[in-house]
């Protein structure tokens with residue numbers, strides 16, 4: 001899969017890496033007789049007898065999706081506005097730190113380094129945070145920051161982390177969910193064995209949320225490989241908006257669009273993704289196959305699997321939910337590839353049907 | 001134009017820190033009889049007997065002086081071009097990582113040390129990892145912003161070798177360029193509890209005739225905390241070149257300009273600074289006493305953008321006037337935020 005990733009051209013700065021310690025065996029982890037990492041061996045412990053969370057941890061599917069009933073009305077209103085310009089407003093797409101955002105917690109690889117007084121979490125987007133485990137308490141009146149302030153203590157084999165001091169420039173969820181500077185975040189980390197780290201996160205912010213809500217992330221050790229940088233180099237200022245504001249001044253004849261209808265497959269986010277492009281009512285529709293999340297926050301198109309209407313910008317370029325869709329055609333105008341252009345760069349899907 | 005400059009009155013994230021563990025003594029560090037950190041106590045050692053570099057360290061302002069004789073011609077040209085567009089081109093002003101740039105190297109950093117990994121975390125939340133587990137640098141690394149680093153001990157000195165930097169970073173704020181073949185060697189010696197020598201050498205034959213580098217001394221910021229400093233908006237949108245400013249220039253009558261002539265003082269980077277504003281041939285000139293060449297030098301012609309707002313070497317200069325139009329202060333607008341100089345003469 002990493003080799004497939006290498007084939008991707010990401011303008012977000014990741015390196016299509018031929019080398020880079022990607023196939024290097026991680027020293028010091030227990031192995032099965034055939035030399036593979038033994039991910040179910042007991043978790044390592046530090047000199048103080050506590051579990052050691054040190055390691056490289058892969059990204060994981062995290063859905064930070066409060067129900068509307070969890071949210072104060074102003075948060076729900078603001079979320080709808082943010083969703084309309086999602087690709088411009090999400091802090092991550094502004095090349096800003098994501099702070100306590102649930103989905104970014106899941107999306108990033110992270111390197112955890114545990115020392116007696118400080119545990120550092122280093123993300124692949126070159127942001128970081130520290131958890132102080134030297135017994136200090138959170139400040140009552142912290143100066144607001146993107147990364148917050150975190151203190152941790154052990155309860156048995158669970159690391160309990162409390163954080164405050166977040167500025168209000170970040171979201172707690174990619175669905176545009178805001179929080180105030182009074183946000184408190186509680187995280188509970190458990191490493192049941194070598195290969196797994198379970199994190200339960202709770203957000204408390206009475207001004208923003210009617211009750212605490214949160215998510216669970218199940219992380220897997222990235223053994224025998226290395227983490228690559230994914231640096232945000234350019235904000236989305238210049239180009240993307242959602243369909244409601246995209247103007248449809250270009251007309252593309254139906255017989256031209258008919259040559260784009262088909263099924264396209266490529267790699268996105270490290271996994272295979274399939275688009276089905278169909279023609280209905282004189283409009284092209286693109287649907288991501290196979291991934292589905294239940295609705296509830298009125299976020300059309302932020303949910304995988306949603307069909308998106310493609311609004312023509314030229315004969316071969318369309319706009320759908322803030323992304324550009326470009327059909328690469330042969331000399332007969334028949335599409336061979338579909339290129340979907342995100343902030344992080346263009347992703348090419350090859351036509352398979 | 002005024003809108004652009006007002007948008008510019010933003011903070012690169014420094015915090016007016018009233019609280020935040022800033023006055024919290026570090027537990028377990030050596031102290032003198034009066035309770036202060038004993039910075040000349042012996043350096044602590046880790047379980048492996050090696051010096052432990054863990055701590056929050058302040059920088060030492062390394063100076064990477066230009067040496068044109070050592071620069072290949074393409075580097076020299078790039079340096080000149082970069083100095084002209086300094087406030088727009090420097091990676092940290094683009095909210096981009098600084099990689100091996102020595103001036104960022106001198107900024108406050110938190111070092112964490114374990115037997116297999118040493119991490120240096122910067123106040124802009126970026127970081128770099130030094131692998132101490134015996135691995136070697138890759139022969140053909142994928143280019144990155146922060147490079148790839150491996151380290152080993154030679155006696156009590158930590159030797160760090162790095163490669164795999166992309167070309168988008170500078171070696172210092174003067175704009176020295178490098179290629180993807182850059183190799184960096186750092187040598188760290190924690191002499192005592194509060195002091196660490198750092199020596200950095202750059203080797204890049206396609207860019208420099210001979211290897212060159214800097215020496216610096218880090219000081220432990222004992223009993224202190226490192227606060228976040230985030231670049232929120234790059235300077236792309238506002239600090240133009242002199243040519244841009246000329247294009248947008250307006251005409252301001254000499255008798256109006258005359259009311260801005262005077263001497264102004266303020267504090268910049270904890271140092272008192274004086275700006276002398278004079279009028280010469282219908283043009284205001286600001287002389288920033290002590291202004292380094294890289295920051296535009298001392299003499300800055302001020303190009304009017306409005307009656308009170310001027311552009312000088314990519315920075316905004318806003319004269320704040322009373323009801324008679326006489327300037328009482330001038331605000332210098334940089335990416336890092338505005339600094340106001342009060343008129344004293």
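Condition first: at pLDDT 85 or above, within 14 Å of chain A (Cβ to nearest Cβ) and closer than 18 Å to residue B:226 by Cα. Can you find one or more residues in the stretch B:29-41 that meet it?
Yes, because at least one residue in the stretch B:29-41 is at pLDDT 85 or above, within 14 Å of chain A (Cβ to nearest Cβ) and closer than 18 Å to residue B:226 by Cα.
Report every pair of residues separated by at least 6 positions or lying on different chains whose Cβ atoms are under 8 Å apart, first residue within the stretch A:310-334 and free of Cβ contacts under 8 Å to residues at least 12 places away in the same chain, second crowded, with 17+ Cβ neighbours inside 10 Å.
A:317/A:324; A:317/A:325; A:317/A:326; A:317/A:327
Just checking, how many residues over the stretch B:95-115 are within 7 Å of another protein chain (Cβ to nearest Cβ), within 28 Å of residue B:48 (Cα to Cα) and either in a loop (DSSP other than H, G, I, E, B) or free of Cβ contacts under 8 Å to residues at least 24 places away in the same chain (or both)?
Number of matching residues: 1.
Can you say whether residue A:160 is farther than 22 Å from residue B:130 by Cβ and either modelled with pLDDT of 95 or more or not assigned by TED's automatic domain parsing to the domain that holds residue A:53 (or both), as far as the supplied structure shows?
Yes.
Please find, within the stretch A:92-107, the residue that is farthest from residue A:172 (Cα to Cα) out of those that are assigned to a loop (DSSP other than H, G, I, E, B) and at pLDDT below 90.
Filtering first and then ranking leaves A:95.
Mind listing whichever residues of the stretch A:146-177 are touching a helix residue (DSSP H, G or I) at 6+ places or on another chain (Cβ under 8 Å) and within 16 Å of residue A:199 (Cβ to Cβ)?
Of everything in the stretch A:146-177, those that are touching a helix residue (DSSP H, G or I) at 6+ places or on another chain (Cβ under 8 Å) and within 16 Å of residue A:199 (Cβ to Cβ) turn out to be A:172, A:173.
Looking only at the stretch B:117-151, filter to residues that are under 18 Å from residue B:182 (Cα atoms) and free of Cβ contacts under 8 Å to residues at least 12 places away in the same chain; which one of those is nearest to the other protein chains (Cβ to nearest Cβ)?
Within the stretch B:117-151, the match that is nearest to the other protein chains (Cβ to nearest Cβ) is B:140.
Looking only at the stretch A:255-269, count how many residues are at pLDDT below 90 and either exposed (fewer than 13 other Cβ atoms within 10 Å of the Cβ) or out of contact with any helix residue (DSSP H, G or I) (no Cβ under 6 Å at 6 or more places or on another chain) (or both).
Looking only at that region, the number is 3.
Is it true that some residue in the stretch A:151-173 is under 17 Å from residue A:72 (Cα atoms), touching a strand residue (DSSP E or B) at 6+ places or on another chain (Cβ under 7 Å) and in a strand (DSSP E or B)?
Within the stretch A:151-173, not a single residue is under 17 Å from residue A:72 (Cα atoms), touching a strand residue (DSSP E or B) at 6+ places or on another chain (Cβ under 7 Å) and in a strand (DSSP E or B).
Determine, yes or no, whether residue B:88 is outside any loop (DSSP other than H, G, I, E, B), touching a strand residue (DSSP E or B) at 6+ places or on another chain (Cβ under 6 Å), surrounded by 18 or more Cβ atoms within 10 Å (Cβ to Cβ) and touching a residue at least 40 places away in the same chain (Cβ under 8 Å).
So residue B:88 does not fit the description; no.
Would you confirm whether any residue within the stretch A:168-181 is modelled with pLDDT of 95 or more and within 14 Å of chain B (Cβ to nearest Cβ)?
Yes: the stretch A:168-181 contains one or more residues that are modelled with pLDDT of 95 or more and within 14 Å of chain B (Cβ to nearest Cβ).
Hey, can you tell me all the residues within the stretch A:109-131 that are part of a strand (DSSP E or B) and within 8 Å of chain B (Cβ to nearest Cβ)?
A:111, A:113, A:114, A:118, A:120, A:122, A:128, A:129, A:130
Residue A:231 passes all but one of (1) away from chain B (no Cβ under 14 Å); (2) modelled with pLDDT under 95; which number fails?
(1)
Working only within the stretch A:137-147, note down all residues that are facing chain B (nearest Cβ under 7 Å), surrounded by 14 or more Cβ atoms within 10 Å (Cβ to Cβ) and in a loop (DSSP other than H, G, I, E, B).
A:139, A:142, A:143, A:146, A:147, listed by residue number.
The values are calculated or read from the model by the stated rules, or taken from the named source; none is laboratory data. It should be emphasised that the depicted structure is a prediction, and the values quoted were computed from it without experimental measurement. Please note: Cβ atoms are built from the backbone with ideal geometry, for glycine as well, and neighbour counts cover all protein chains shown.
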